[in-house]
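These notes concern the structure reproduced below.
The values are calculated or read from the model by the stated rules, or taken from the named source; none is laboratory data. Owing to the predicted nature of the structure, the values given are computational and were not obtained by experimental measurement. When we count neighbours, we look across all protein chains shown, and the Cβ atoms used for this are built from the backbone with ideal geometry, even at glycine. What goes into the accessible areas is simple: the full protein's heavy atoms, side chains included, and nothing from ligands, DNA or RNA. Shrake-Rupley method; radii C 1.70, N 1.55, O 1.52, S 1.80 Å.
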Amino acid sequence: MTHIAVIGAGITGVTSAYCLARAGFEVSVLDRHRYPAMETSFANGGQLSASHTEVWNSVATLQKALRWMWHSDAPLLLNPAPSWHKYSWIAEFIAQIRHHDANSVATTRMAIEARQYLFAMAEAEGIAFDLEKRGILHLYHDAHTLAEAAAATRLLKQGGLERVAVTNEEIHQLEPTLTGQYAGGFFTESDSTGDIHQFTRGLARACERKGVTFYQDVQVVQAEASETGVALHWRAVNELGEFAAAAPPEVLACDAVLVCAGVGSRSLAQMLGDRVNVYPVKGYSITLHLDDARSRANAPWVSLLDEHAKIVTSRLGESRLRVAGTAEFNGENRDIRADRIAPLLQWVRENFDLETANAVPWAGLRPMMPNMMPVIQRGQRRRVYYNTGHGHLGWTLSAATAELVTALIASDAAVL
Ligand SMILES: Cc1cc2nc3c(=O)[nH]c(=O)nc-3n(C[C@H](O)[C@H](O)[C@H](O)COP(=O)(O)OP(=O)(O)OC[C@H]3O[C@@H](n4cnc5c(N)ncnc54)[C@H](O)[C@@H]3O)c2cc1C
């Protein structure tokens, strides 16, 4: 049986492993954490969001970034310190502005397609992940951004998505817990939300049932692909990512490798002779545990995106509310900064009558390509494949990209 090694047990790696195992491959998954879904797929915004697929490559985004640069509580923050990776990535991001419309439409199509695959996986494997099919409501505070959103709606429509304009009154009818006033909004009934960590862990268990082998607490330190096979050199790591001194490197031999390593994909691609220009765009979330009846009653059920604050919410069952946002360009830095968590808490207090004392903060690194499109492709060397770079939409898109990369590998199966 053809043996595929998947590097990374986040949402992209686990959905890929599942599809590959189902297609009849022998599959091994390697990850540097003790459990699947411990990095960016841990506590994200929760939105399965075809309505948030407009790529960020625009002059307006650049203008906002410059305006916000010196405000530590701004939704988008750029550390101006010199870094070749950061500035070359930004240059490529700017060069992609001309593809804004085409890439937005393509992402919308993929997001719509992904829904059916994700729901089918959950149903087939009996995975509970606090799925809420109540739609996503985008909120706008002024006429200008509302008009910009109307233009984006036309692009989403080209991609096959219907979202409807709603008035301030209709916003409050859709989500009665909201206390703010708005210029208007857009509602996408077909969007949904769920817990990415629960889903990924549940699917990983389903993978094991299908015979997938998980190597956890192991870091791939070297990868070599030749005409005859792939050798992955790995070392055991502890919770801090430190190598166990006594443990010598080991090698996993396989027929092909699939890189699904989130922000680790860039360095692995370099080892394999490819350039995959993923940049770590940091974001933050808080998870509010709704322990009292007042908080449970006053927390929203419909998923929200506040366009001014760039904050999203997802209700994760009766007793949790996830609030996420911010984009920070500051390298591979995982610090949870108090001054970046504060705006999320402030936003909740301004908009809802909720207890926020037991909010659990988190930070994650979005693996973002300059064109904001996932990379689903062959490497330059035979036996090398990528399914990575899903940026701010990995939860939304992974079920579709896993199917795509599995079809790609299956089409090469005869020569692997
Ligand atoms: C604040 C925030 C909010 C978000 N909200 C949403 C949302 O609402 N909707 C949405 O669709 N998306 C959202 N996203 C994006 C989404 O979470 C990510 O796109 C997705 O989790 C990325 O998954 P991944 O599998 O590519 O990466 P990860 O989940 O990071 O998995 C990669 C894995 O590779 C492993 N790895 C890397 N290098 C190595 C190595 N050398 N050896 C061994 N293992 C290695 C890591 O340990 C990790 O487990 C959000 C992200 C953030 C940060």
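Residue check: residue 21 meets all listed conditions (1) surrounded by fewer than 24 Cβ atoms within 10 Å (Cβ to Cβ); (2) out of contact with any Lys or Arg (no Cβ under 6 Å at 6 or more places or on another chain) but one, namely (2). Answer with yes or no whether residue 359 is modelled with pLDDT of 95 or more and open to solvent by less than 60 Å² (accessible area, probe 1.4 Å). For residue 359, the condition - modelled with pLDDT of 95 or more and open to solvent by less than 60 Å² (accessible area, probe 1.4 Å) - is met.
Name the one entry in 414, 363, 400 that is touching a residue at least 12 places away in the same chain (Cβ under 8 Å), more than 28 Å from residue 337 (Cα to Cα) and not in a loop (DSSP other than H, G, I, E, B).
Numbers: 414 fails: touching a residue at least 12 places away in the same chain (Cβ under 8 Å); 363 fails: more than 28 Å from residue 337 (Cα to Cα).
Just a single option satisfies the conditions, and that option is 400.
Working only within the range 371-397, note down all residues that are outside any strand (DSSP E or B) and over 18 Å from residue 105 (Cβ atoms). Break it down into steps so the answer makes sense when it comes.
To start, the set of residues in the range 371-397 that are outside any strand (DSSP E or B) comprises 371-374, 379-383, 389, 391-397.
Of everything in the range 371-397, those that are outside any strand (DSSP E or B) and over 18 Å from residue 105 (Cβ atoms) turn out to be 379, 380, 381, 382, 383, 389, 394, 395.
Per the listing 78, 66, the residue uniquely more than 15 Å from the ligand (Cβ to nearest atom), farther than 30 Å from residue 212 by Cβ, surrounded by fewer than 16 Cβ atoms within 10 Å (Cβ to Cβ) and of a type outside the set (S, T, N, Q) is 66. Residue selection: residue 118 fails the criterion of being modelled with pLDDT of 95 or more, farther than 26 Å from residue 201 by Cα, surrounded by 19 or more Cβ atoms within 10 Å (Cβ to Cβ) and aliphatic (A, V, I, L, M).
Determine if the range 280-289 includes at least one residue that is closer than 30 Å to residue 86 by Cα, hydroxyl-bearing (Ser, Thr, Tyr) and either touching a Ser or Thr at 6+ places or on another chain (Cβ under 7 Å) or without any contact (Cβ under 8 Å) to a residue 24 or more places away in the chain (or both). Break it down stepwise before answering.
Initial filter on the range 280-289 (closer than 30 Å to residue 86 by Cα): 280-287.
Now narrow it down to the ones that are hydroxyl-bearing (Ser, Thr, Tyr): 284-285, 287.
Now narrow it down to the ones that are either touching a Ser or Thr at 6+ places or on another chain (Cβ under 7 Å) or without any contact (Cβ under 8 Å) to a residue 24 or more places away in the chain (or both): 284.
Within the range 280-289 (the criterion being closer than 30 Å to residue 86 by Cα, hydroxyl-bearing (Ser, Thr, Tyr) and either touching a Ser or Thr at 6+ places or on another chain (Cβ under 7 Å) or without any contact (Cβ under 8 Å) to a residue 24 or more places away in the chain (or both)), the answer is yes, since at least one residue qualifies.
Being open to solvent by less than 20 Å² (accessible area, probe 1.4 Å) and either in a strand (DSSP E or B) or without any contact (Cβ under 8 Å) to a residue 40 or more places away in the chain (or both) holds for only one residue in 51, 16, 28, 104, and it is 28. When residue 261 is tested against (1) among the aliphatic types (A, V, I, L, M); (2) open to solvent by less than 10 Å² (accessible area, probe 1.4 Å); (3) farther than 30 Å from residue 179 by Cα; (4) within 11 Å of the ligand (Cβ to nearest atom), exactly one condition is not met: (2). Among the conditions (1) at pLDDT 95 or above; (2) farther than 26 Å from residue 379 by Cβ, the only one that residue 245 does not satisfy is (1). Screening the range 204-222 for residues that are farther than 16 Å from residue 39 by Cα and not in a strand (DSSP E or B) and picking the one that is most open to solvent (accessible area, probe 1.4 Å) gives 209.
Among the numbered conditions (1) modelled with pLDDT of 95 or more; (2) over 22 Å from residue 264 (Cβ atoms), the only one that residue 370 does not meet is (2). Checking each residue in the range 87-96 for being open to solvent by less than 40 Å² (accessible area, probe 1.4 Å) and of a type in the set (A, V, I, L, M) picks out only 90. Out of all the residues in the range 223-237, which are touching a Pro at 6+ places or on another chain (Cβ under 8 Å) and either surrounded by fewer than 20 Cβ atoms within 10 Å (Cβ to Cβ) or not in a strand (DSSP E or B) (or both)? The answer is 233, 235.
Taken over the range 190-200, the criterion of being open to solvent by 30 Å² or more (accessible area, probe 1.4 Å) and either of a type in the set (Phe, Trp, Tyr) or within 12 Å of the ligand (Cβ to nearest atom) (or both) is satisfied by 197 alone.
Checking the structure you have, find out if any residue of the range 290-302 is within 26 Å of the chain's Cα centre (by Cα) and within 13 Å of the ligand (Cβ to nearest atom). No, the conditions are met nowhere in the range 290-302. You will find that of 21, 17, 74, the residue that is of a type in the set (A, V, I, L, M) and over 22 Å from the mean Cα position of the chain (by Cα) is 21 and no other.
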